[in-house]
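Right, one structure below, let's go through it.
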Amino acid sequence: MGLLDDLDLQKQINSKDEYKEKLAKYQLELLHRQRLLMEKKRNIVLVFEGPDAAGKGGVIKRVTEKLDPRNIRVYSVVKPTPEEYAHHYLWRFWNKIPKYGESVIFDRSWYGRVLVERVEEFATKKEWRRGYDEINSFEKTLIDDGTILLKFYIHITKDEQLLRFKRREGDPYKHWKISDEDWRNREKWDQHNEAAEDMFRLTGPPYAPWYLIEGNFKWHARVKVLKTIVKVLEKEIGD
């Protein structure tokens, strides 16, 4: 049994009114803390990982939609460009770390080295095993310099993923979200989960913990992520 097995994926918010009320509450609190951040020599980095169709994009939309867009950037991480591939894999992330007072969100991240690159064998065994220590050192450097780092893994069941894949295929406005690669990844569901469990175990020190989010019900996932961010920022930069 791993951490993913322990998640209660039936957690949900029962009414739309409750969802809207909580969403508005935490979005307003997050906006307030974004303003406070601008006065400090600190920055925010949010990392989102999880299976395909787990709802990462929907969560990121709710995190950002009420914020000042001048002080936040979102990067959707895909396969490296030829230039990026010619460097160490962390190279392409260093120049995306935000200035003091600003925030960045990574929709997938440097953890690709120990997740998809491990499972699909895009990295050698020696490379992805070395990756855990490299990532820990990278994050420790950021945190020591004042970065507030939050790492979220949004998880869903395999059955829920299948339902979402089929909905995407049937929706002309969301068809672009599904590809042959998504179906291939699904065939290695167990291997991806095994890689995630190793990642939690080896890259979750007290100063940079993983936050595992139950994603089967989207309202619950969105509110829980926002609430977590607000609580951490309240501790780190005050009220």
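Each reported figure results from applying straightforward, stated rules to the coordinates on display, with no laboratory input. All of these numbers come straight from a predicted model, not from anything done at the bench. Every residue, glycine as well, gets a Cβ built from its backbone with ideal geometry; the counts of neighbours run over all protein chains shown.
Tabulated data
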{"item": "Point-to-point label distance, Lys231-Lys61, nm (Cα→Cβ direction, 7 Å offset)", "result": "2.6"}
{"item": "Spin-label model distance (nm) - Ser137 vs Leu202, 7 Å beyond Cα toward Cβ", "result": "1.5"}
{"item": "About the Cα centre, charge dipole magnitude for the chain (Lys/Arg +1, Asp/Glu -1 at Cβ), debye", "result": "760"}
{"item": "For the chain, average projected area of the Cα convex hull in nm²", "result": "13.5"}
{"item": "Restricting region 18-54 to trypsin sites (Lys or Arg not before Pro) in coil, as DSSP defines it, with at most 14 other Cβ within 10 Å", "result": "Lys40, Lys41"}
{"item": "Nitroxide proxy distance, nm - points 7 Å out along Cα→Cβ at Asn14 and Arg184", "result": "4.5"}
{"item": "Amide H contacts of Asn43 (H built 1.01 Å from N, under 5 Å, at least 5 apart or other chain)", "result": "Gly101, Thr147, Ile148"}
{"item": "Axial C-alpha extent at least 15 Å, average Kyte-Doolittle at least -1.0 - helices from the chain (DSSP)", "result": "218-237"}
{"item": "Lys/Arg +1, Asp/Glu -1 at C-beta; the chain dipole; positive extreme among Leu150, Leu28, Gln161", "result": "Leu28"}
